[in-house]
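Right, one structure below, let's go through it.
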Amino acid sequence: MANLILIVSLVIGGLAIFTLRGGRVMYVLLPVLAAAAAAVQIVAVKTAVIETLLFYFIVFLVGLSGLYAFMGHAFNADRVAKYIGWPAGNPFQWEVAVSNLSLAVLGFLCIWIRGNFWAATVIASSVWLLGCGVGHLREMAKTRNFAPGNAGPPFISDVVKPLVLIGLLIAYVCGA
C-alpha cells in the first residue's frame with residue numbers, strides 16, 4: 001500500500017508540473033502533494049509520522065524538484081535565465097542543471113536507501129539550496145536583481161525547504 005501511495009503521488013506530481021508548466025506552481029504544489037501523500041500513508045498504513053513526512057519531503061522537495069530544476073536549466077535555459085534575471089546564453093546554466101540533477105538522483109535514491117543516506121541527502125541539498133539563497137541575496141544587494149526568479153518563490157523556497165528538511169531530520173534522528 002505504501003508503494004502504491006508513493007507511485008500515485010509521484011505520477012500526480014509529475015503530471016501536474018508538466019501540465020501546469022511548473023514555474024511558481026511547483027513551489028506550492030510539491031510541498032502540498034508531499035504532505036498529502038504522507039498524510040494518506042500515515043492514516044492508511046499507520047506509519048510513523050516524522051519518518052513518513054521526512055521521506056515524502058525528501059522524495060518530492062529534493063528528488064522531483066531537482067529533476068524539474070534540471071530540466072528547466074538544461075532544456076529551457078533561456079526562459080529560465082530570463083525568469084531569474086540572468087542574460088540568455090549563460091554557460092553556467094548547464095552546471096546548475098547538472099547540480100540539480102545530482103540532487104534529484106539523491107532524492108530518488110532515498111526511496112531505496114535509508115539511514116544515514118537520508119541525512120547525507122538532506123545535508124547536501126541544504127548546502128546547495130541555502131547557498132543558492134545567499135546567491136539570490138547577493139544578486140538583490142549588488143545588482144538590484146528583483147526578478148521573480150531571483151527574489152520571488154525560488155528565493156523563499158531555497159531558504160524554507162532546507163529548514164523544513166533539517167527540522168524533520170533532527171526530529172527523526174532524535175526519535176520524535
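Details
- Any hit, segment 160-170, residues being of a type in the set (A, V, I, L, M) and over 27 Å from Ala119 (Cβ atoms): no
- Taken across segment 59-74, residues that are among the β-branched types (Val, Ile, Thr), surrounded by fewer than 16 Cβ atoms within 10 Å (Cβ to Cβ) and more than 17 Å from Asn145 (Cβ to Cβ) do not occur at all.
- When Cys174 is tested against (1) closer than 16 Å to Gly107 by Cβ; (2) surrounded by fewer than 20 Cβ atoms within 10 Å (Cβ to Cβ), exactly one condition is not met: (1).
- Looking across segment 144-161 at every residue that is in contact (Cβ under 8 Å) with a residue 40 or more places away in the chain and in a helix (DSSP H, G or I), the one that is farthest from Val62 (Cα to Cα) is identified as Pro148.
- Options Ala171, Ala74, Ala124: the member that is in contact with a Leu (Cβ under 7 Å, 6 or more places away or on another chain) and farther than 18 Å from Tyr27 by Cβ: Ala124
- Identity of the residue in segment 90-134, among the hydroxyl-bearing types (Ser, Thr, Tyr) and closer than 12 Å to Leu169 by Cβ, that ends up surrounded by the most Cβ atoms within 10 Å (Cβ to Cβ): Ser125
- Subset of segment 104-137 [without any contact (Cβ under 8 Å) to a residue 24 or more places away in the chain, part of a helix (DSSP H, G or I), more than 13 Å from Ile84 (Cα to Cα) and not aliphatic (A, V, I, L, M)]: Asn116, Phe117, Gly131
- Index of the failed condition, Trp86 passing every other in (1) surrounded by 12 or more Cβ atoms within 10 Å (Cβ to Cβ); (2) farther than 14 Å from Asn150 by Cβ; (3) among the hydrophobic types (A, V, I, L, M, F, W, C): (2)
- At least 2 residues being under 18 Å from the mean Cα position of the chain (by Cα), at pLDDT 90 or above and of a type in the set (A, V, I, L, M, F, W, C) is the threshold, and among the helices (runs of 4 or more DSSP H) wholly inside segment 30-98 those reaching it are 49-57, 65-75.
The values are calculated or read from the model by the stated rules, or taken from the named source; none is laboratory data. Please read all numbers here as calculations on a predicted model, not as lab measurements. No Cβ is skipped: glycine too gets one built from the backbone with ideal geometry, and neighbour counts run over all protein chains shown.
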